[in-house]
1. For the range 248-266, name all the residues that are over 30 Å from residue 166 (Cβ atoms) and in a helix (DSSP H, G or I).
2. Report yes if residue 368 is at pLDDT 90 or above and more than 19 Å from residue 275 (Cβ to Cβ), otherwise no.
3. So, of the residues in the range 204-217 that are touching a helix residue (DSSP H, G or I) at 6+ places or on another chain (Cβ under 9 Å) and over 22 Å from residue 75 (Cβ atoms), which turns out to be surrounded by the most Cβ atoms within 10 Å (Cβ to Cβ)?
4. Just the residues that are closer than 16 Å to residue 337 by Cβ and part of a helix (DSSP H, G or I), please, taken from the range 271-293.
5. State all residues of the range 114-134 that are over 16 Å from residue 389 (Cα atoms) and either crowded, with 20+ Cβ neighbours inside 10 Å or touching a strand residue (DSSP E or B) at 6+ places or on another chain (Cβ under 6 Å) (or both); if no residue qualifies, say none.
6. Need a quick list: helices (runs of 4 or more DSSP H) entirely within the range 33-118 having at least 3 residues that are modelled with pLDDT of 80 or more and touching a helix residue (DSSP H, G or I) at 6+ places or on another chain (Cβ under 6 Å).
7. Would you mind telling me which numbered condition in (1) at pLDDT 80 or above; (2) part of a helix (DSSP H, G or I); (3) within 21 Å of the chain's Cα centre (by Cα) residue 206 fails?
8. Taking the range 327-377 as the region of interest, how many residues are part of a loop (DSSP other than H, G, I, E, B) and within 22 Å of the chain's Cα centre (by Cα)?
């Protein structure tokens, strides 16, 4: 028995980096999957409620509000106790939200569903969005398992596979709606989330440092033993301190700005693209869900895995600059084209840029804030993902202002965001070096 195995046996430690990455990814996947039903069926709600564009945008965006803002305290909480308890808490809130939405649909859909139900739908949508916030828990939970040189690949895998949830479920959704109907589809999603949460609870493990601290081992011994087992990152140990340390580092706020465009923009478009395809190009609801899933969500998610490896090789800052140029090109195409084929190309280009950019940003989190990656993850993941709530109402407002052409003109928002992100990435590269 080697020394590392002896330490694990002595303290009865469980898990390893492979299990840590797998379960963090699984927790994020099921949390994200729980709300993937919300955006694509906004069209179903709108057919009955006949909402103005801005209210439709708010409906689509509702889960992204809690999914973004809750990332801040919950990401920092990881630095105090590890990731398992925070992630379980978020999944539990999401379960309550999904249960509420399922109940509304079984009791009132479609005849009894009126605009009086709109605030209640928004409320349960906000709760269900807690599952999206699992991202900022999974990032530090994963980071604590891996050495610095493997952060990009590990976090790229975590986020890429986790982000695949909207795409995969966007592909399943049309079949579920056809054969089960909307209420039963929600019920199926609810039970998926419930069972997934139980699996995460049974098999997830925190990094060795947190296991040792939870066993009552003193801090110095916990750090010493964890270092022998290969752990390199260690937290400050206090939620407020973790947030304060990361907040004082300018690079944290640069990453917030970048993530607002790449992941906040990604969240907004997973809900918006199905409506865009239906209303602007006359595509059927079934086909629009597949276009969002295959042409955008899944593609962006899987390329994020490769984006982590690119960031490890070329540095996060350089990778970010190139990726936001790609976002700019995709957005410009969508603004000016009426062709379905060209618009689909624009969607795919956006997916490439956002997927790689997301990986590049979180490659830089442990580099810029090694003493409080959980706090930094909370700020970046939380305020950055707020774009998923802020952008859809702007897209909806474009429709109110310009009519049907507003579906295309709304992508000017992404043109502006991409230009800002390119500038911020350049500033970060000058301030922090090559980023390797």
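The values are calculated or read from the model by the stated rules, or taken from the named source; none is laboratory data. Keep in mind that what you see is a predicted model, and the values were worked out from it rather than measured. Neighbour counts are summed over all protein chains in view; Cβ atoms, including those assigned to glycine, are modelled from backbone coordinates with ideal geometry.
1. 250
2. Spelling it out, it is not the case that residue 368 is at pLDDT 90 or above and more than 19 Å from residue 275 (Cβ to Cβ).
3. 217
4. 273, 276, 277, 279, 280, 281, 291
5. Passing the criteria: only 134.
6. So the answer is 53-69, 71-81, 84-108.
7. Just one mismatch for residue 206, condition (2).
8. Count: 3.
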